[in-house]
Amino acid sequence: MLMNKSNNIRNIAIIGLGQIGLYLYNELKLKKKEIEIKTGKKINIVAISAKNKTKKRRFKIDKKIFYSNPLNIFSEKKVDILFECIGQSDGVSKKIVEKALKNKVNVITPNKALIAKHGDTLAKLAEKNNVNLEFEASVAGGIPILRTIKEGLATNKIKKVYGILNGTTNYILTEMENTSETFDRVLQKAQKLGYAEPGNPKLDLNGFDAFAKIRILSALSFNTKISKANCLMEGIENIKLEDIKIANQLGLRVKLLGISEIINGQLFETVHPCLVSKNTYIGNVNGVMNAVITEGKPVGESVLQGEGAGPGPTSSSLLSDLLSILRGNIKYPFGISSSKRRSIKAFNNDDYTNSLYLRFEVKDKQGVLSLITNRLAKYKISVKRIIQTPDKKNKKATIVIITHRTTEINARNCLTIFKKNKNVLKFPTLIRLYN
Ligand SMILES: NC(=O)c1ccc[n+]([C@@H]2O[C@H](COP(=O)([O-])OP(=O)(O)OC[C@H]3O[C@@H](n4cnc5c(N)ncnc54)[C@H](OP(=O)(O)O)[C@@H]3O)[C@@H](O)[C@H]2O)c1
């Protein structure tokens, strides 16, 4: 680490003063003394940067150290540790992090999009320049899951890591169950409360946000390169209140799970809605809460639960990274040297096997149920349970079928026929049962 010559002062730059960066800026000022007591180092914020200098912000900023172009900071200021809090997967976020690492500046970021996409090259760059690249806040906000995997569970052989990694979707699913309000209505509420982005909540809802986190968790858990393989990713946009109500009657809950595991020596990563039993631990992680479960040897199952987003929890993780750097030692960003991290073959998504919940909206006519069950039988998908609810007034019926386990490819091939059957009013909703 480049150090301030004369004393124990470490110079800090914060790039991005939005929800996270601005809160962090304030926290660093408030906790200066505490940080000094805990690490023996004084911190000094020497540069801050955002897009708009005159924007009205929640906390007052020191405009004398403000940079409109963060790339100019290095030629004018000596920086020891840089926080990147802009949030792009490429663009200025990538440029500033690369420039910092090349200038032997330690980097801390909550930016999962950047790490999931460029984590491997950035880690190499950090190692080459003998500085730290820390990203605890990029996965599950305030939950210290990355450090737990890198340090607390360091000698365990982890074979699976999974959990609820997106607070927005968990809030929406919980609220739909608790209030019987529709997806759209609850999404509006989530936006009002600041749980979902007002403009474009798509990346939370379609599973992409959770997926970026799963990719980072896999790399750390299995000592592998970040996978680039195509994956099974589904969000919660197609979950209807009806599904949540039916699940409820069956003692189940819908949860958006991120799952990463090694199956037959191959890496399987996925994010999709799951039906989980109300009696399970994961079935009771509600609201904006996140939870990550690891299965390792010899430790067994470990669970970490907490708030997965928001300035407070995120900044708690950012500060934990800061204290780790201030206390010393250069650590490998992904726990082991980049040269030792291997690429791993991806498990074929078609072979993923689950019991299925299938909801059909059909014309209330004789023969429709047997049409469906015959089709399932043709593909050797055996039925565990059928619930049929007629809607006489509209001459419709809802048929819910819970199947025994079958593969993705088999289910997909089986269901194609229902795309164009006049008695099946909509393509059936499919939700996988977890375990
Ligand atoms: N929000 C959360 O709860 C949360 C939780 C965990 C992780 N994260 C991660 O934290 C990061 C930041 O998220 P956020 O919610 O704080 O985002 P945000 O509120 O949108 O803030 C982005 C900041 O970046 C600044 N910015 C944009 N372009 C810039 C440029 N070219 N140069 C300098 N600054 C620029 C913006 O400036 P202006 O203010 O002037 O527009 C703004 O201050 C993301 O990676 C996100 O995934 C967020």
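Give the residues of the stretch 381-431 that are among the β-branched types (Val, Ile, Thr), closer than 17 Å to Ser370 by Cα and in contact (Cβ under 8 Å) with a residue 24 or more places away in the chain, sorted by residue number. Please lay out each step first, then the result.
Residues of the stretch 381-431 that are among the β-branched types (Val, Ile, Thr), as a first pass: 381, 383, 386-387, 389, 398-403, 406-407, 409, 416-417, 424, 429, 431.
Checking the rest, the ones that are also closer than 17 Å to Ser370 by Cα come to 381, 383, 386-387, 389, 398-403, 416-417, 424.
Listed by number, the residues that qualify are Ile381, Ile387, Thr398, Ile399, Val400, Ile401, Ile402, Thr403, Ile417, Val424.
Considering each of Asn286, Asn279, Asn329, Asn290 in turn, give the residue that is surrounded by fewer than 18 Cβ atoms within 10 Å (Cβ to Cβ), modelled with pLDDT of 95 or more and over 18 Å from Arg432 (Cα atoms).
None of the other options fit; the residue is Asn286.
With respect to the numbered conditions (1) of a type outside the set (A, V, I, L, M); (2) surrounded by fewer than 21 Cβ atoms within 10 Å (Cβ to Cβ); (3) more than 22 Å from His404 (Cα to Cα), which one is the sole condition not fulfilled by Arg215?
(2)
Give Asn374, Asn394, Asn410 a once-over and let me know the one that is surrounded by fewer than 13 Cβ atoms within 10 Å (Cβ to Cβ) and modelled with pLDDT of 95 or more.
After applying the criteria, what remains is Asn374.
If the Cβ limit is 6 Å and pairs must be 6+ apart or interchain, which residue in the stretch 24-45 that is free of Cβ contacts under 8 Å to residues at least 60 places away in the same chain and outside any helix (DSSP H, G or I) pairs with which residue that is surrounded by 18 or more Cβ atoms within 10 Å (Cβ to Cβ) and β-branched (Val, Ile, Thr)?
Ile45/Ile12
Could you tell me which numbered condition Gly21 fails, if it satisfies all but one of (1) surrounded by 20 or more Cβ atoms within 10 Å (Cβ to Cβ); (2) of a type outside the set (Val, Ile, Thr); (3) more than 9 Å from the ligand (Cβ to nearest atom)?
The one condition Gly21 does not meet is (3).
Here's the yes/no breakdown for (1) surrounded by fewer than 18 Cβ atoms within 10 Å (Cβ to Cβ); (2) within 22 Å of the chain's Cα centre (by Cα); (3) closer than 14 Å to Phe208 by Cβ:
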| position | (1), (2), (3) |
| --- | --- |
| Met233 | yes, yes, yes |
| Asn238 | yes, yes, no |
| Leu241 | yes, no, no |
| Asn248 | yes, no, no |
| Gly251 | yes, no, no |
| Lys255 | no, yes, no |
| Gly265 | yes, no, no |
| Phe268 | no, yes, no |
| Val271 | no, yes, yes |
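Considering only residues that are in a helix (DSSP H, G or I) and either more than 9 Å from the ligand (Cβ to nearest atom) or out of contact with any strand residue (DSSP E or B) (no Cβ under 9 Å at 6 or more places or on another chain) (or both), which ones fall in the stretch 80-105?
Residues of the stretch 80-105 that are in a helix (DSSP H, G or I), as a first pass: 91-102.
Within the stretch 80-105, Gly91, Lys94, Lys95, Val97, Glu98, Lys99, Ala100, Leu101, Lys102 qualify.
In this structure, is Ile108 more than 21 Å from the chain's Cα centre (by Cα), within 13 Å of the ligand (Cβ to nearest atom) and not assigned by TED's automatic domain parsing to the domain that holds Glu269?
Values: more than 21 Å from the chain's Cα centre (by Cα): no; within 13 Å of the ligand (Cβ to nearest atom): yes; not assigned by TED's automatic domain parsing to the domain that holds Glu269: yes.
When the stated conditions are applied, Ile108 does not pass them.
The values are calculated or read from the model by the stated rules, or taken from the named source; none is laboratory data. Quick caveat, the model's predicted, so the values are computed rather than measured. Every residue, glycine among them, receives a Cβ derived from its backbone with ideal geometry; neighbour counts consider all protein chains shown.
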